[in-house]
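Engineer: Okay, handing you the structure first.
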Amino acid sequence: MKRLKLNLALLMVVLGTGAAFAGASSYQTPTIYFDCNASAWKSIPAGRTVSCDQNQTVSCKGTGTPSAPVPLPQKGCGTLNP
């Protein structure tokens, strides 16, 4: 019985630590942006950044690919910066 309690305690510590690490890595680097002029998701080229306007009806940036986007919470139409 003592061994079972010890195993359960260790399991709780391991699961708690994993949850803490999962929360710490919740920010994802955007790889795509929504171009309202083209009404389509586009890739963000390496070394470039995207600005988002005040449009609150679309997600500005996302991860994944243009054909399979995963929108991030930031809203606005995206514009590729020079």
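Just so it is clear, none of the values below were taken in a lab; they were calculated from the coordinates. This is a predicted model, so every value here is computed, not measured.
Engineer: Out of residues 5 or more away from Leu72 or on other chains, whose amide H comes under 5 Å of its own, with H placed 1.01 Å from N in the peptide plane?
Structural biologist: So Leu72 has HN proximity to Lys61, Gly62, Thr63.
Engineer: If you don't mind, there's one more thing I want to ask. Quick one: what are the phi-derived ³J(HN,Hα) couplings along the range 59-74, Karplus 6.51/-1.76/1.60 with θ = phi - 60°, whole Hz, x for glycine and proline?
Structural biologist: Once rounded to whole Hz, the list reads 7, 7, 10, x, 10, x, 10, x, 8, 9, x, 10, x, 9, x, 4.
Engineer: Continuing with the same structure: Subtracting the Cα-Cα distance from 0.36 nm times the residue separation, let me have the gained length for Thr79 to Asn55 in nm, one decimal. List each step's numbers first, then the result.
Structural biologist: Working: separation 24, 0.36 × 24 = 8.64 nm, distance 1.20 nm.
My answer for the length gained is 7.4 nm.
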